[in-house]
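Working notes, structure below.
None of the figures in this text is laboratory data; all of them are computed from the coordinates on show. The model shown is predicted, which means the values in this text are computed figures rather than measured ones. Here the Cβ positions follow ideal geometry from the backbone for every residue, glycine too, while neighbour counts run over all protein chains shown.
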Amino acid sequence: MKKLSQLFKRYWQLFSAAAVILVIGLGVFGYSKSQVHAASGRTRVVFWHEMKGPGQKKLVTFINEFNKSQSKYEVVPQFQGGYNDVIQKIMNTHGTDASPAIFQSMDISTSQMYHSGFTVPMQKFIDKENYDISKIASVARGVATRNNTLLAMPFNTSQTTLYYNAGLLKKYKITPPPVNPTYSDITRVSKQLYDRSNHKVKGISVEAYSWLFEQFLSNANEEFANKNDGHSGISTKVNFTGPTAIKSMTWVQDRVKYGDFMNFGSHKNEMAAFLSNKLGIYMQTSADMSVLAKGLGKNLGVTYYPRPDGVKANGISVGGASLWISNDKSEAVQQGAWEFTKFLINPKNQARWEKATGYLAINKDSANEPILKQSYEKLPMLKVPSDQLKSAKANYTNSGIFVDGVVAARSLVQNAMQQIYAGKDVYKSLKAAEDSYNKVLESNNLANGWTKK
Amino acid sequence: MIESLPSTKQQPKGPEANNEVTAKVKSFELKKNDKYYAWLFLGPSILLLTVFVFFPMLRTLYLSLFLTDTFGNPTVFIGLKNYTTLLKSASYIASLKATGTYVISVSVFTIIFGLLLAALANQKLRGISFFRNIFTATMGVSVSVSAVFWLFMFNPSLGILNKVVVAFGFHPINWLTTPGWAMTAVIATTVWMHLGFTFLLFFGALQAVPKSLYDAASVSGATSRYQFWHITLPMISPTMFFVAVITLISGFKSFGLIDLMTGGGPTNATNLLVYRVYKDAFMNGNYAQASTEAIILTIIIAIITFVQFKLLAKRVNY
């Protein structure tokens, strides 16, 4: 014993170094093992998602059900924060153990994911087993399609929707806006609400959020970027100063000037004001539906996204996010990711998903599921966004924007919107954003080797 | 270095040390000079700093001279063009101005209110220790928590601040969506957050001022205002200098509050330099531009710190 302690004293550095190396080595070994096989011997499918609130709850339920329904794969959900963060995380972790097998990424990241070459197109799995993709709404597929190849599977699909407080409208004896309203229809309701409530209730709010701006353009069949919104090539210029862009922003600014408009700063504040009867109309994702229906019940009014006066509605793009399968994992893991995808988009689960979250069921058969039928009967308003989705015929301007770095364009558009709401000149604000983004686009295309100097 | 070397060298000579080792070290000492030890002891830290500080710094500088692609790889060399475009861009100039306003207001108000609270707490009153504890309370509140409850207070339709404003007969204020008010709101929140620590520093400094000075002043008939300007202030000037430096630097680094409260908006009014770097790199994926902004920010902070030490240090009465 004494000898041992002497030995230890002399060579303690060696011992401790060996111990450290052993611990690190075991840790790394264990970690890399855990990436492929869970303790149960199933294939581990790591799934990155960005769902919060009711969406996250339901998603976790689905994952648990999927894991119980079979014994081959184990899906492991990992919450990643916001849509914006996840793009950079994918770009930076691809090819490492930290990257996911399947991930959720938003509509406007489609182009970047496509160009990265980091993913396996869903089309590969669809073709392999002749999966009937026609069951999935075509407009939803449009956002994730390039050259007739489905790149990713739309999952949490939403559209911008116009919500109004039917209870307040009734109280002040105002006729609700029609289905498929024009800007003037909305102006009438908003003004009447503001005036008849003695300015106690604000008529309308349009968050300074580029998605809403993009949908104003979509609904009037106006391009956001050239080359058909990037669907038929690499966009080199954007267009923020077209007739609809000017018309829609002038419309909002007129509301600001009249006083019936209020900028609440965030979606959350907007929703809080709407639910507490301080705001009559706002436009946001159809995914707000579940919370609003719970809060207002029969007093909730829903209609289509507005269009400019005298213009036929072209329909709007879907928003939300799609599921992408990474190509840096083994075939077995990829297959597991595909099985999980199929599970999520089956008619029953899509119906439950719509019921729980307000995201639109993308599977056409979901409408026949009892769970949706019942809730539509109870609150017919719930069906409006789904009707809006079906009423649109897919074309280039309502299938999203296929351009890299739309995130940056959005922040410029948002800045312009904020300036416009603060009273600055509509054309000048939009033109400044357009010029800035054209420069970004030029250097981005150059840096990626898509254009020559 | 000079202080630490002899003690480390003496260590093996302790009673428990092995003779062999001592002999080795001694022979070492004869052969090599102190330089060997310098490298031996500095080596690990230099290695770590190289990997985690110097390399990223040089890489940032390198990236700022290129255009970067989707993955952040430098692809097209453009020299200093990133710098010229940035310094010409109106929104960057606006960010510079906003950062200036923010940093200066935060430092000034933190010092004023911190000193005020410390002076109040320095009175000998019944129950004052309760207030002393209350005043330091913000030290225990994290950035995210304080952002969340200030957000509640700033909420345009439900927040308490607008209830007060309306009660006084004014129109409700859109705190976080009007550029001027958003800056005010962010500054107020930051000052509030810094207040606990600043109070503690000033309070400590005030307590350390010898009472005999005040007694002597009172005897010679000096007013309390005169005492404040001519005794208190000079005596606590080192603390004041310290507070000025740390609030200024932490002002430049302010990120959490901005991210949670305004996200840099409205109309970039609170898009401070640090936040801009984050946004350009991790949201817009434009690493070249973010690197350029980081380099400029580094230069600005270096200059300000240098000036501060040169100018302020002279006026500090140690």
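Overview of results
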| quantity | calculated |
| --- | --- |
| For segment B:92-109 and segment B:223-262, distance of Cα centres in Å | 16 |
| Lys/Arg +1, Asp/Glu -1 at C-beta; chain A dipole; positive extreme among A:ALA220, A:SER232, A:SER386 | A:SER386 |
| Label-point separation in nm, A:THR96 to B:LEU42, each point 7 Å along Cα→Cβ | 3.1 |
| Segment A:309-453: proportion of alpha-carbon pairs further apart than 19 angstrom, % | 71 |
| Size of charge dipole - chain A - debye, nearest 20, with Cβ of Lys, Arg +1 and Asp, Glu -1, no other charges | 1140 |
| Estimated FRET transfer efficiency when R0 is 51 angstrom, pair A:VAL179-A:ARG42 (beta carbons, to 0.05) | 0.55 |
| Net charge of neighbours whose Cβ lies under 12 Å from the Cβ of A:GLN419, counting Lys and Arg as +1 and Asp and Glu as -1 | +2 |
| Against the rule of thumb 2.2 N^0.38 Å, how large the Cα Rg of segment B:84-315 comes out | 1.18 |
| Size of charge dipole - segment B:84-315 - debye, nearest 20, with Cβ of Lys, Arg +1 and Asp, Glu -1, no other charges | 440 |
| Förster radius 45 Å - calculated FRET efficiency between B:ILE301 and A:LYS390 (Cβ-Cβ, nearest 0.05) | 0.20 |
| Student exercise, the protein assembly as shown dipole from Lys, Arg, Asp, Glu Cβ charges, in Debye to nearest 20 | 1280 |
| Inter-label distance for A:LEU275 and B:VAL245, nm, one decimal - labels placed 7 Å from Cα along Cα-to-Cβ | 4.9 |
| Qualifying aspartates and glutamates (Cα of each under 16 Å from Cα of A:LYS58; at least 8 residues distant if same chain) | A:GLU50, A:ASP288, A:GLU354 |
| The protein assembly as shown: projected area of the alpha-carbon convex hull, averaged over directions, in nm² | 46.0 |
| Value of D in µm² per second that Stokes-Einstein yields for chain A, Kirkwood Rh from Cα pairs, at 20 °C (1.002 mPa s) | 90 |
| R0 of 56 Å, Cβ-Cβ distance B:LEU87-B:LYS163: FRET efficiency to nearest 0.05 | 0.80 |
| Dipole of the protein assembly as shown [Lys/Arg +1, Asp/Glu -1 at C-beta], most positive-end residue of A:GLY82, A:THR341, A:ASN130 | A:GLY82 |
| Virtual spin-label span in nm between A:HIS267 and B:PHE309, 7 Å along Cα→Cβ | 4.7 |
| Segment B:SER212-B:TRP229, extension gain: residue separation times 0.36 nm, minus the distance between their alpha carbons | 4.5 nm |
